[in-house]
Each structure stands twice: as structure tokens, then as C-alpha cells.
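What follows draws every value from the coordinates through simple rules; no lab data is involved. Everything quoted here is computed from the prediction, not taken from an experiment. Backbone-built Cβ (ideal geometry, glycine too); neighbour counts: all protein chains shown.
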Ligand SMILES: [Fe+2]
Ligand SMILES: [Fe+2]
């Protein structure tokens, strides 16, 4: 339900932004803690920005769906590149979202709160003719049109957050490597509509950056991971408080690392631990000595 215009003082809205749980390689301690925080603090909504599973196996989805349906608050779930059937190519192409059916109503679901909406933007695709592998993002014209139509359906004073799996940065700054196809166009369209922030995952380190687009600034908020696939920060999730037109982010974690030490200064290519020079690393620098397992 859309909120009505009113000049009265409203209470802040509190969201938990979780990402990259990767059931199959989840961090049990971090996940139990996040679940307890949700049960105790009851945020207005939980946005999960994709990569629920490691390899989209049936057992991993079962665990993910069970965990998510146990959360007694409004939840929206984005699909990540790890959530596409990996071993079964027939299913990947013809029924890529079948394994989500237990949480179907939450997948790509819009959440409407008081004068604030969380609008989904799909960035994970079942195949990309432009390149292989298909792990990075692609904002198709259709996905962008759906997102913009959903935004435009709201009254002008509605604050909009967009939830996507991949950060929308189109090219890596240091060498121009292609990250999210059509990212620049999407960011300009969202900035032009005064979107408050784009929430994303995929990177496994938190960030809170503002991009300059041809249509104005666009805030990009990334959540860390609740899995054992660590990049340069301990497991975390974002607490986001929206008070009027002010949005604050805290990267909460079990190690009590302050938020500025958790956030990376730029968007890297992927969630692999930074090994080369020039790769963004968080100040806490919790880079694992060996790359996390991929199974
Ligand atoms: Fe991930
Ligand atoms: Fe991902």
C-alpha cells in the first residue's frame, strides 16, 4: 500500500540488508546471529540481495527456503548468479527459478512501507552471449524497463531503494574491465529518478559509495557475506535506517569491527580475496590466507 503525503513527523524505517549467504558454505555462527538479531529487533523488512546457495543444489535451496520462511518479517529476495541451476543446463535455460518455489512470493518482490518502496532489479541472467562465464551482471532492457515501471507507479514523494544482486558499476576503474553490462545506462536512469540508493551483494565486502552519473549522483550500498567465502571482511550484514531523507548504514558484524573499517573504497570485479595490487581492500584487511573453497 502506498503512503499518503503528510507533513507530520514519521518514525525512521529500519531495514536489514543481507547477502550472499551461500547455503552449502554458510557461516553457521554468523547466520544464527543474524537470525537472532532479526527475531529480537524486528526490522521493518529484510532485503536479501542474492546468492542464497553455493551451486543451486536442491539441498542448498531447501535449507535456504527453510531459513527464509522462518523469518517473521517482510522479506524480498533477489536471485544471484549462484542461484541458477549449475549442473542441470536444461533446467537453467527452461525453468531457472523452479528451485525457488517455496519462497516464490518473496523472489523479486516489491516491499512497500510508509512512503518508501524497495523495488527489485534483476541482474543475474541464465546466459550471456557477450562473454563466458556468466557470473557477472547484465541489466537487460527488459529488466530495466520493469524496474523503472515499478518506480514510476509510485507517488513522487515515495523514497525508492532498488535491490539487485550485482553492483551496477559497468567497468572496473583501473583497467576498464567489463563488470555489469548496461550498468551505466541503468545507473543514469535510476539517478534521474532520484533513487535513494541501490542495494547489492555479490562482492562479499560491504561498501557505501556514491557514483557520479550523467543524471546526477547515485548511492550504491553493498552488503557483505554471511558465508565462509570471505573476501576482506568478517561476515556481516547491513543495518539501514532511513529517517526522512537521510539514510544511514551500519555494517554489523560479530567481531565488533566499526563500519568505516569494514567498507571497501571501490567496487572490485568479484568476491575473490584481493591478491593483486590496486584491488580494493577494507581497512580491517581480514583477507583469508588461502582462497575460500568452491565446491
Ligand atoms: Fe556470492
Ligand atoms: Fe554473486
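With helices as the sole contributors, the chain gives -5500 deg cm²/dmol at 222 nm; each DSSP H run of n ≥ 4 counts as -39500 (n - 2.57), and the sum is divided by every residue. When only alpha carbons are used to place a centre, the stretch 193-247 and the stretch 161-188 end up 13 Å from one another.
Relative contact order of the chain: 19 percent, from C-alpha pairs under 8 Å at least 6 residues apart in sequence. Spread over its residues, the convex hull of the C-alpha atoms of the stretch 148-295 is 123 Å³ per residue. Put simply, when 57-64, 227-234, 195-202 are sorted by average Cβ atoms within 10 angstrom per residue, most first, you get 195-202, 227-234, 57-64.
Taken over the stretch 118-217, the alpha-carbon convex hull comes to 105 cubic angstrom per residue. Note on the chain: antiparallel DSSP beta bridges, both residues inside, total approximately 55 percent of the bridges counted. Using the empirical formula 2.2 N^0.38 Å as the baseline, the Cα radius of gyration of the chain reaches a ratio of 0.93.
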